[in-house]
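Taking it in order: structure first as structure tokens, then the write-up.
The values are calculated or read from the model by the stated rules, or taken from the named source; none is laboratory data. From a predicted model like this one, the values you see are computed outputs, not experimental measurements. A quick note on method: Cβ atoms are made from the backbone with ideal geometry, for glycine too, and the neighbour counts reach across all protein chains shown. Just the protein is used for accessible areas: all its heavy atoms, side chains included, with ligands, DNA and RNA removed. Shrake-Rupley method; radii C 1.70, N 1.55, O 1.52, S 1.80 Å.
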Amino acid sequence: FREGSSDSEDAELRSVACQSLWNQIKLETEQIQEDLNKQLFDNLVSFLGRSHSQFQEKTTEWTCRMKSREIPAAALILGVNVTDHNLTFRSLSEVLQNNVTPYIALLEAKDCPGIKNLMQKLMGQLMNCYIDVDSLEDDDCVQVSQNRIRCSMTSLINWYESVTKKTDSKTPSKKRTSASRHWQSPPVVVIFKDMESFTTKVLQDFIVISSQHIRELPLVLIFGIATSPMIIHSLLPHSVSSLLCIELFQSLSCKEHLSTIIDKLLLTSRFPFKLGEKVLQVLINIFLYHDFSVQNFIKGFQLCIVEHFYSQPLSILCCQLVDAKKRVNSLSHDQCENIRRLPSFRRYVESQVSEKQIALLTTDSYLKEITQKLLEDLHVYHEHYVSVLRCLHVFTSSLPKHPLGKQIRELHCACLENQVWETEEYKSALQLARMLNKSDLVTMLQQCVEIFVSSSGKEFDKTVEKLKEFLTQFQKLEAEAFQERDVSVSSQKELQKKTDLYHLQKTLLELKESRRSKKLTKFEMLRFEVVDYIDSLVRNYLVPADHKTLHEIVYFNTASVLRGHLNAAPRTALHTALNNPYCYLKNKALKSDGGSISNKAPDICIVYKLHLECGRLINLVDWLEAFSTVVMAVEGPNADAASSDQVDDIIHARFIRAVSELELLGFIKPSKQKTDHVARLTWGGC
């Protein structure tokens with residue numbers, strides 16, 4: 001943590017706790033991404049296996065493909081979240097290298113403006129691959145300098161044949177261990193990470209050249225596509241696209257990926273750290289309206305963790321419940337005072353009787369005892385909150401186009417913001433739930449039973465029994481419905497027998513009157529009872545987090561700080577850094593009163609503050625004299641006259657460098673009106 005923390009007593013402990021928590025979350029996110037990409041990667045490996053087996057066995061299908069010179073190609077649709085593509089390709093490359101082939105090249109459009117550059121990049125990456133470091137001797141390692149070989153497809157084929165022959169010659173020996181995971185005559189995989197950015201000519205030339213040598217080289221192309229697979233036909237004419245045997249692969253959408261991340265990181269009791277409603281909304285809005293990047297969302301989440309542990313002295317208690325209780329016992333008196341200053345704890349003290357109030361405010365031992373109990377209550381609250389939230393989401397997600405939304409993150413934000421049962425959206429959701437049919441209602445109850453059974457909350461045993469009781473009553477109603485159906489059929493037959501007009505009208509009037517005074521059926525009464533019971537669970541367990549005591553310890557709610565970090569304002573930041581360097585450097589020597597200029601500040605800061613006092617044109621000579629006056633203020637008149645010329649040269653050089661830096665930042669520019677002047681480019685405050 002930065003020097004000058006508000007409470008340096010436990011800064012190191014908080015830093016260690018922050019790093020430990022982030023390491024756990026990082027491992028979890030990597031596992032989530034691996035699980036989400038597993039199906040996609042398995043499909044790609046299967047595709048490579050089909051292409052490779054046809055090449056290796058020289059089947060009829062491969063012979064036909066050779067005649068038409070088709071290259072196996074996978075169109076990988078990744079979505080518009082371009083910033084996440086690098087991680088996906090890196091993971092894909094690792095999977096292929098571990099299971100399929102060591103010959104993988106990752107190409108980007110910025111590195112391949114022409115076909116020559118593409119071939120150089122391709123051969124440079126492939127020829128630095130090793131088949132098996134353990135089994136091959138030093139002189140067998142194939143490393144070819146690009147300066148000594150002509151970058152052509154023929155050279156690539158010759159290199160591939162030499163490498164595969166050397167590998168095959170080593171196969172009978174016991175040295176072939178790690179290479180056994182690779183296929184025999186492994187394919188050469190070329191991945192175009194950003195196909196839309198490649199020029200049409202480069203792609204056309206490479207595909208045409210490769211198709212002419214597909215008999216000798218088992219080449220497989222993978223196109224990374226951010227928009228639509230139609231881009232292939234837009235970039236390539238039919239004569240070129242017909243040389244590709246394309247198979248389409250679709251990755252998981254970034255919204256589903258984000259929902260999984262939120263579900264595994266926030267809607268769980270595994271990790272004690274939580275995000276407040278406004279903070280979570282800032283991260284979600286940046287995701288939805290800026291870049292759709294899950295990686296940037298995770299970076300924002302990491303920033304929240306660091307900022308929380310830095311700014312909150314009591315964040316040492318933001319850990320697992322067992323560790324938190326141990327740390328409470330070791331709290332110092334100052335840390336106990338920090339607990340007493342928390343707004344939520346003040347409300348808790350005010351709700352107690354006078355004797356307890358005095359003990360909480362004066363006795364540290366009693367405060368620690370109550371703090372342990374309150375932390376345990378907060379932990380139990382999170383367990384119950386998550387289970388009931390999932391149960392409520394089962395009901396709201398089935399409602400057509402409801403404002404509470406299909407995603408659980410939207411419902412979570414609504415519950416954090418305020419008491420959700422007082423909102424109009426929730427009331428309308430209850431009205432719609434009271435109109436659900438029996439099959440939907442039974443399915444939802446079964447899902448809720450599974451949620452509460454898998455929950456770690458001990459209070460849900462009675463809840464599970466109650467929900468199972470509802471399911472039993474629905475089964476009984478279904479049996480009774482068959483009997484009532486038989487009775488209604490017989491009554492209709494009796495009504496049809498009454499052909500007399502008078503009796504027929506009398507019977508119809510009686511039916512009409514009975515409908516007016518119709519009572520609720522057993523099913524409707526039971527449906528109302530189920531919805532009311534779910535409503536009672538919501539009111540008991542989905543209380544907003546800021547209503548709970550000590551929520552400040554685990555919840556990060558400072559949305560303005562996060563917004564300041566993520567929503568860049570470069571001009572404001574630059575002005576602050578140059579005008580008040582203490583804000584970033586935290587050096588007490590840089591503190592200045594009002595508009596005074598400290599000679600301890602960096603040269604560019606001194607030059608910047610002096611230039612703010614000037615008009616449109618700045619005289620360089622006057623500017624240099626003012627700079628020299630500020631810099632020399634600390635030395636006084638005792639400077640040695642013999643060395644004064646040398647000092648002037650140093651100050652002059654420092655001034656020239658500072659002015660050049662200011663020009664580079666765009667604050668000034670040379671003036672054509674006067675050669676010894678510069679023009680000022682910025683005006684007004686930030």
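How much length is gained if the chain between ALA568 and GLN212 is pulled fully straight, taking 0.36 nm per residue apart and subtracting their Cα-Cα distance, in nm to one decimal? Please report the intermediate quantities before stating the final value.
Working: separation 356, 0.36 × 356 = 128.16 nm, distance 5.04 nm.
Here the segment from ALA568 to GLN212 would lengthen by 123.1 nm.
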State the extension gain, in nm to one decimal, for the chain segment bounded by GLN352 and GLU529, taking 0.36 nm per residue of separation less the distance between their alpha-carbons. 60.1 nm
Calc'd 3J(HN,Hα), region 303-312, phi into Karplus 6.51 cos²θ - 1.76 cosθ + 1.60 (θ = phi - 60°), Hz, glycine/Pro = x, comes to 4, 4, 4, 4, 5, 5, 5, 7, 8, 9
Whole-Hz Karplus ³J(HN,Hα) for region 112-124, in order, using 6.51 cos²θ - 1.76 cosθ + 1.60 and θ = phi - 60°, x for Gly and Pro? 10, x, x, 5, 5, 5, 4, 5, 4, 5, 4, 5, x
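On the protein heavy atoms, probe 1.4 angstrom, tell me the percent of accessible surface of region 570-680 carried by carbon and sulfur. Show your work: numbers first, answer last.
On the way: 3730 of 6870 Å².
Carbon and sulfur together cover 54 percent of it.
So which of LYS255/LYS401; LYS406/LYS522; LYS121/LYS201 end up more than 21 Å apart, counting from Cα to Cα? Present the calculation step by step, with values, prior to reporting the outcome.
Working: LYS255/LYS401 17 Å; LYS406/LYS522 30 Å; LYS121/LYS201 17 Å.
Flagged as over cut-off: LYS406/LYS522.
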Can you give the convex hull volume per residue for the Cα atoms of region 230-345, as a whole number of Å³? 149 Å³
Counting only heavy atoms of protein chains, what accessible area per residue, in Å², does region 194-263 have with a probe of 1.4 Å? 41 Å²
Once label points are set 7 Å from the Cα along Cα→Cβ at both ARG434 and LYS255, what is their separation, rounded to one decimal in nm? 3.1 nm
Convert each backbone phi in region 234-239 into a coupling constant with the Karplus relation 6.51 cos²θ - 1.76 cosθ + 1.60 (shift: θ = phi - 60°), then list the ³J(HN,Hα) values in order as whole Hz, x for Gly and Pro. 6, 7, 10, x, 4, 5
Which whole-number value in Å² is the accessible area per residue of region 344-394, probe 1.4 Å? 48 Å²
Taking 7 Å along the Cα-to-C-beta vector as the label spot, tell me the LYS26-GLN446 distance in nanometres, rounded to one decimal. 4.4 nm
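Which order do the peptides 441-454, 568-581 take when ranked by the mean count of other beta-carbon atoms within 10 Å per residue, highest first?
Ranking the peptides 441-454, 568-581 by packing returns 441-454, 568-581.
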Starting from the coordinates of the alpha-carbon atoms of region 570-680, obtain the Kirkwood hydrodynamic radius over all distinct pairs and give the value in Å to one decimal. 14.9 Å
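Take the solvent-accessible surface of the protein heavy atoms, probe 1.4 Å, and return the percent of it on region 357-471 that carbon and sulfur atoms account for. Provide the component values of the computation, followed by the final result.
Values: 2860 of 5600 Å².
About 51 percent, which is the carbon plus sulfur part of the accessible surface.
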